[in-house]
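Structure record follows, encoded as structure tokens.
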Amino acid sequence: MTAPQPPEPSEPPGDRGPVQGSEAARRWQRWYPWHGRPRARDVLCAAAIAVSAVYAVVTIPLTPALIATHPVLLELLTGSTSSIVAGGAFSDVDTRLQLILVIAAALPGMMRFDWVYWWAGRLWGHRIVEKLGQRSPRSAALARIAETRGRRYAGPLVALAAFLPDGASTAVYAAAGWAGLPLLWFIFFDAIGSAAWTALLAGCGYWLGSDGVALANLVSRYAFVSICVIVAALIAPHVWHSWRERRAGKPQAGHTAR
């Protein structure tokens, strides 16, 4: 009668550590655009992007507070479409407010964080361009042109990006940095595009005239409703794209399981 064999030693818990650690690393890899250990410049650029997002949210209450009384100041702080249209409308009613001042005041607010995304493209290349272009097909298409054609086409594309919806132009800015467009030329083309878009909006406000002023007063009067509408307008596109991505991912997951 043979003696019973002793049980085989169980796998030490520490042997699974590298596998679990690699899986966790791959999961985290989806959230940050750099490879390996982050450098100081990577952390600074990521922090600047986070600050730009927080700034956009924090300044939302300024729209109903300033749009009917200080639209030019609101332009300077936010560069929002509503503030530019309101400024153009007030320039038609108030002769002391020149239309050229309305256009110039909006440029710092519109361009305040654009250079951050240019820097991100310079640091992280195609990876950040792909991440930023996931939610906007138009922006992704322009970014691909900037990547493939190089800095010669990157500048004009940066100017065209000013006409894209809010947040959709960031992929183009990152592609310009990745393509090697110098910072001064980036600022130059960004200023040209922003000035053209601002002039169009301010011209629309000037054409509205007193009707635009009345609309600005209405936004200011119903401040709470205005803030809710602005927040909903900012969040709705992201929720919609997330829902579509999740819905498109379910059939693929079911096909893989089969």
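Here residue 196 does not fit the description of being under 25 Å from residue 55 (Cβ atoms), surrounded by fewer than 24 Cβ atoms within 10 Å (Cβ to Cβ) and within 14 Å of the chain's Cα centre (by Cα).
Counting just the residues of the stretch 199-225 that are within 17 Å of residue 66 (Cβ to Cβ) and open to solvent by 50 Å² or more (accessible area, probe 1.4 Å), which one comes out modelled with the highest pLDDT?
So, considering only residues that are within 17 Å of residue 66 (Cβ to Cβ) and open to solvent by 50 Å² or more (accessible area, probe 1.4 Å), the one modelled with the highest pLDDT is 214.
Residues that are buried (at least 23 other Cβ atoms within 10 Å of the Cβ), free of Cβ contacts under 8 Å to residues at least 60 places away in the same chain and touching a Phe, Trp or Tyr at 6+ places or on another chain (Cβ under 8 Å) within the stretch 109-146 comprise 121, 129, 132, 146, listed in sequence order. In the set (1) out of contact with any Gly (no Cβ under 6 Å at 6 or more places or on another chain); (2) surrounded by 20 or more Cβ atoms within 10 Å (Cβ to Cβ); (3) closer than 26 Å to residue 199 by Cα, residue 106 fails one condition alone, (1).
In the list 48, 40, 24, which residue meets the criterion of being at pLDDT below 60 and out of contact with any Gly (no Cβ under 9 Å at 6 or more places or on another chain)?
Only one candidate passes the filter, namely 24.
Selection within the stretch 59-101: residues that are of a type in the set (Ser, Thr, Tyr) and free of Cβ contacts under 8 Å to residues at least 40 places away in the same chain. The member of this set that is least open to solvent (accessible area, probe 1.4 Å) is 83.
Only residues that are of a type outside the set (D, E, K, R) and either touching a strand residue (DSSP E or B) at 6+ places or on another chain (Cβ under 9 Å) or in a loop (DSSP other than H, G, I, E, B) (or both) were counted in the stretch 34-59, giving 5.
Selection of the stretch 160-172 for residues being under 12 Å from residue 114 (Cα atoms) and within 10 Å of the chain's Cα centre (by Cα) yields 166, 167, 168, 169, 170, 171.
Look at the stretch 42-57: where a residue is charged (D, E, K, R) and a partner is surrounded by 11 or more Cβ atoms within 10 Å (Cβ to Cβ) and in a helix (DSSP H, G or I), sitting 6+ places away or on another chain with Cβ atoms under 7 Å, you get 42/123.
The values are calculated or read from the model by the stated rules, or taken from the named source; none is laboratory data. Being a predicted model, the structure only gives us computed values, none of them experimental. In this analysis, Cβ positions are derived from the backbone assuming ideal geometry, glycine residues included, and neighbour counts consider all displayed protein chains. The protein model used for the area step is the full one, side chains on, heavy atoms only, and it has no ligands, DNA or RNA in it. Shrake-Rupley method; radii C 1.70, N 1.55, O 1.52, S 1.80 Å.
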